[in-house]
Amino acid sequence: MSEPDSSTASHQNYRRSLGTISLTAVGLGSIIGSGWLFGAERAAKLAGPASILAWVIGAAVALTIALTYSELGSMFPKAGGMVRYGQYSHGSLAGYLAAWANWIAIVSVIPGEATASVQYMSSWHYGWAKALYDGKELSTSGVALASVLLLVYFALNWFAITLFAKTNTAITVFKVVVPTLTAGALLFAHFDTSHFTDHGGFAPNGWSAVFTAVATSGIVWAFNGFQSPLNLAGEARNPGKSLPKAVISSILIALVIYIALQVAFLGAVPDEGLANGWSGLGYTSPLADLAMAWGLNWLAMLLYADAFVSPSGTGMIYAATTSRMIHGVQENGHLPKVFGKVDAKTGIPRPALVLNLVVAFLFLAVFRGWGSLAEIVSVATVISYITGPVAVMALRRLAPDLPRPVKLKAMPVIAPIAMVFGSLVLYWAKWPLTGKVILLMAAGLPIWAWYELRKPFPELKPHLKAGAWMVAYLFVMAGISWAGSSDFGGHGYLPEGWDLLIVAAIGLAFYYWGVASAWANPSLAEVRRELETEPAAEAASGAAEASRV
């Protein structure tokens, strides 16, 4: 008997074994990764004490966007959910661009987590450990050690989703306890309230620095973890209830932890560390260095240990979720069929795991420092976000009859606000970083062209027309970033203050264009048929199982 190779059959090989607690652990475990080890220092270096507000703004942006994706995730509980929604609402061009941006943002986190662990290790008082990192990037030996960690992440995902869930829940508990303990210990050991008013005041580098901190210091990197439960939607037992609870809970819990860490860090920096102001901070292992400075050797040892556990837990999660994303891209028609295969015995998309491992090695070879990876991830993440607000309202117009286990009455207001937030964060990332990442997005178009340009033009035309808004959006945002105020790295053609209003207006204009350009494309028709037939297939499977018992 030959193995079925249809996308539906492959999709059904996933095990619906993840409940709300497991999915929340996935989300929280993704959010609390390497970001908490480095984010407080990088945010303080940019924004000083106002970095506290940067975390609040980042959480507000993530929560607003997450609400749009929660409705979509509950509608389409399929593996790799985040790479599918743009395809359902706008067809292949917009769907591919969104999927490419999302995949780049997530797959590059995996080597970033390995890099974070090795970077913390370089603070150990051993010659071989100090040789792992030169202050800017990993050495050859550091890259080799990070490569070993990548292999561990992927090995843990190779066997079974149930092993992943059990392992991750235990790791997440540890990841929540240690940051909470760290914040409390530092607050108790030393807390200088003058740091919040001296050394340039509460916002020493101005409010533009606060916004840039949201975009590039690791805050977007951290909160991006909210999408991990959505990418595992195909393995959720009750996605309509568990997905939104997991997404929202993980963001709010993480926000409390991150604010506590930021406040503790700001108060614990020794005065000599601020001799050149907040911009002069330059720790290799920020929280561990502070623990050592105040005689908390036990905490430093715990942090060195957690520098492996926290990033490794997140790396393990992202290794799982990116493999589901690759499966989703394949089902969208933009990768060979082999990457859509799911092992029937374990429910693991193993070919996709292998592909992501190779790409993770490439990112590790090119971007050897946590900071450079954090910047790339953050901007790519924001680009991937913009399809959510547009798709959720477009699908309300195109498919009002589809079941929506999560449906917020305020979504017509939330969605355009989310689009504005995403556009502002993209602008805050500063030129030329915005341009570089937008160029990276364009680098994926040849893959789309390979699969799509062979189609007859009348068949391709509606996909091009519906996706034009997203292509135009990327070019316009690159131009605005280039011409923007000098506060955000631009050439100063847009005056300060007005530039933010212009970006917000552009975001709204493209939101309404995007919603209006959606169409009832073949991908939407196909997923509609799957949703209609899936209950009958599950009932038949349940009856067969009962007869065997």
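The values are calculated or read from the model by the stated rules, or taken from the named source; none is laboratory data. None of these values were measured; they are calculated from a predicted model. Each accessible area value is taken on the protein alone, full model and side chains, heavy atoms only, with ligands, DNA and RNA left out. Shrake-Rupley method; radii C 1.70, N 1.55, O 1.52, S 1.80 Å.
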If you count only protein heavy atoms and use a 1.4 Å probe, how large is the accessible surface of residue 326, to the nearest 10 Å²? 0 Å²
If one puts a single equal scatterer on every Cα of the range 350-404 and applies the Debye formula without solvent, what log₁₀ I(q)/I(0) results at q = 0.30, 0.31 Å⁻¹? -1.08, -1.10
Percent of Cα-Cα pairs per 5 Å bin, from 0 to the last occupied bin, for the range 437-482, please list those. 5, 18, 23, 25, 15, 9, 4, 1
Cross-link reach list, lysines versus residue 245, counting only Cα pairs under 29 Å and skipping chain neighbours closer than eight places: 78, 166, 175, 407, 409
Where does each of 338, 220 land when they are ordered by accessible area, with a 1.4 Å probe and the largest first? 338, 220
Rounded to a whole %, the carbon-and-sulfur portion of the accessible area of the chain at a 1.4 Å probe is 68 percent
Can you list the HN-Hα couplings for the range 131-136, worked out from phi with the Karplus curve (6.51, -1.76, 1.60; θ = phi - 60°), rounded to whole Hz and with x for Gly and Pro? 6, 6, 8, 9, x, 10
For the range 468-475, just list the computed ³J(HN,Hα) in residue order, Karplus coefficients 6.51, -1.76 and 1.60, θ = phi - 60°, integers in Hz, with x standing in for Gly and Pro. 4, 4, 6, 4, 4, 4, 5, 5
Can you give me the Kirkwood hydrodynamic radius for the range 40-112, using every pair of distinct Cα atoms, in Å to one decimal? 14.4 Å
Residue-normalised value, i.e. accessible area per residue, for the chain at 1.4 Å probe, in Å², stands at 36 Å²
If each DSSP helix of 4+ residues adds -39,500 (n - 2.57) and the sum is divided by the residues in the chain, what number results at 222 nm, nearest 500 deg cm²/dmol? -23500 deg cm²/dmol
Give me the lysines in straight-line cross-link reach of residue 430: C-alpha distance below 26 Å, same-chain residues under 8 apart excluded. 45, 136
Setting aside same-chain residues fewer than 8 positions from residue 455, which lysines have a Cα under 17 Å from its Cα? 465
Report, please, the projected area of the chain averaged over directions, based on the convex hull of its C-alpha atoms, in nm². 25.3 nm²
Anisotropy class of the range 251-339 from Cα gyration tensor, a/c 1.5 cut: prolate
Taking placed amide H atoms and a strict 5 Å upper bound, the residues 5 or more places from residue 133 or on another chain that come that close are 139
